[in-house]
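All remarks here apply to the structure that follows.
Any read-out appearing in this document is the output of simple, stated calculations on the displayed coordinates, not a laboratory observation. Computed from a predicted structure; not experimentally measured. When we count neighbours, we look across all protein chains shown, and the Cβ atoms used for this are built from the backbone with ideal geometry, even at glycine.
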Ligand SMILES: NC(=O)c1ccc[n+]([C@@H]2O[C@H](COP(=O)([O-])OP(=O)(O)OC[C@H]3O[C@@H](n4cnc5c(N)ncnc54)[C@H](O)[C@@H]3O)[C@@H](O)[C@H]2O)c1
Ligand SMILES: O=C(O)C(=O)C[C@@H](O)[C@H](O)[C@H](O)COP(=O)(O)O
Ligand SMILES: [Zn+2]
């Protein structure tokens, strides 16, 4: 087992990474403020792992909420089901919510924890690659609105993150690829050495080589922990974690939540960001070819859907959380491993980029 630390003063917490960590009660028991636990999972993940997670709390009051599965259920209505259970079972301020599942369960559960009685503890037990490398770390929680992704939420850090790499054994290939998009993101925004390692090891990752996966998860979490520790509330460098997301979130909302997976939309979005970076004179065109090739090898889309017209993109991108004073701000690349946030976006270049990557 490897343990990383997210350094946030009194809100610091460990990220434990390794095989068969579900069941290691000692990792979670010291993080509980009280004797009540509510495990939040979904109808796909619960039958696989819920019993073993519940067994980690032998002396606690353990209740469960099983949510429907899907990005389309990442809503306020679904969150209400968690509040209903907490109140019905008389959970108090010292309760701990446990998110068992992918990023959807983690984001909803974390948001419920941030709101219930103005904030209670929560623990992340991520079971998708995407959740293990990104969403379980950093404390962004929330739900979607029909007009925009993650528009209702809160920053609320978990008490610990338990990454049992064995849970990836039951994850399907499409979801593994979606997770690889966020892995590749770290290489692009701040870790050229990691990007080169991914170029060397991509096939091992897709073949689920355990040591390659463990290394990719550790290096991703290390990058994310450093960024979050430097800028917890996204006043500055944390925005770099949003590479490809302004385009990606527009695709997710525009196509209907769940049609494109988050990781797939981010992959296409990162390619658009790279192409736009070239048009803006920031990035060498050779970098776009390298990025495209790696995304393709990861089984990720490199075109945006034809249904997403330029107007539709611009309409949806206008509600992005990075917009300031009505001005779009995008994460662009100066090189592989070097990203920047800029509001200096030439509208003609933006339109040309979208047109260039729309599927026929
Ligand atoms: N909070 C953050 O910082 C952050 C970061 C990145 C993404 N996100 C959010 O995360 C969400 C995407 O998360 P995701 O990609 O994990 O999707 P997801 O949570 O929908 O999980 C993907 C699918 O895999 C299933 N699943 C989960 N674990 C499994 C396992 N071990 N075996 C078999 N099936 C399993 C789920 O039931 C689901 O059907 C999006 O809503 C995105 O906005 C949040
Ligand atoms: O942790 C962050 O910060 C991120 O931006 C990570 C992203 O991968 C993630 O998709 C996040 O939920 C996007 O945040 P948002 O603020 O653009 O909704
Ligand atoms: Zn993301």
Round to the nearest 0.05 the FRET efficiency obtained for residue 169 and residue 293 when R0 = 30 Å and r is the Cβ-Cβ distance.
0.60
Rounded Å value of the spacing that divides the Cα centres of the range 76-136 and the range 292-354:
31 Å
Treating the angle as unsigned and between 0 and 90°, give the value, to the nearest 10°, between the Cα long axis of helix 262-279 and the longest Cα principal axis of the chain.
30 degrees
Kindly express, to the nearest 10 degrees and within the range 0 to 90, the angle between helix 103-115's C-alpha long axis and the longest C-alpha principal axis of the chain.
60 degrees
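Add -39500 (n - 2.57) for each DSSP H run of 4 or more in the chain, then divide by its residues: what number comes out at 222 nm, to the nearest 500 deg cm²/dmol?
After summing the helix terms and dividing by residue count, I get -13500 deg cm²/dmol.
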Percent of Cα-Cα pairs more than 22 Å apart in the range 149-250, please.
37 percent
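Full extension from residue 302 to residue 2: what is 0.36 nm times the residue separation minus their Cα-Cα distance, to one decimal in nm?
Contour length minus the Cα-Cα distance gives 104.6 nm.
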Starting from the Cα gyration tensor of the range 240-356, multiply each eigenvalue by 5, take the square root, and state the resulting semi-axes largest first in whole Å.
19, 18, 12
Given 37 °C and 0.692 mPa s, compute D for the range 2-170 with the Stokes-Einstein relation, Rh being the Kirkwood radius over Cα pairs; round to the nearest whole µm²/s.
212 µm²/s
Treat the chain as a sphere of radius equal to its Kirkwood radius over Cα pairs and apply Stokes-Einstein at 37 °C in a medium of 0.692 mPa s; give the translational diffusion coefficient in µm²/s, rounded to a whole number.
161 µm²/s
Residue 209 and residue 342 label points (each 7 Å along its Cα→Cβ direction) are spaced in nm at 3.7 nm
Nearest 10 degrees, 0 to 90: what angle lies between the long axis of helix 285-297 and the longest principal axis of the chain (Cα atoms)?
40 degrees
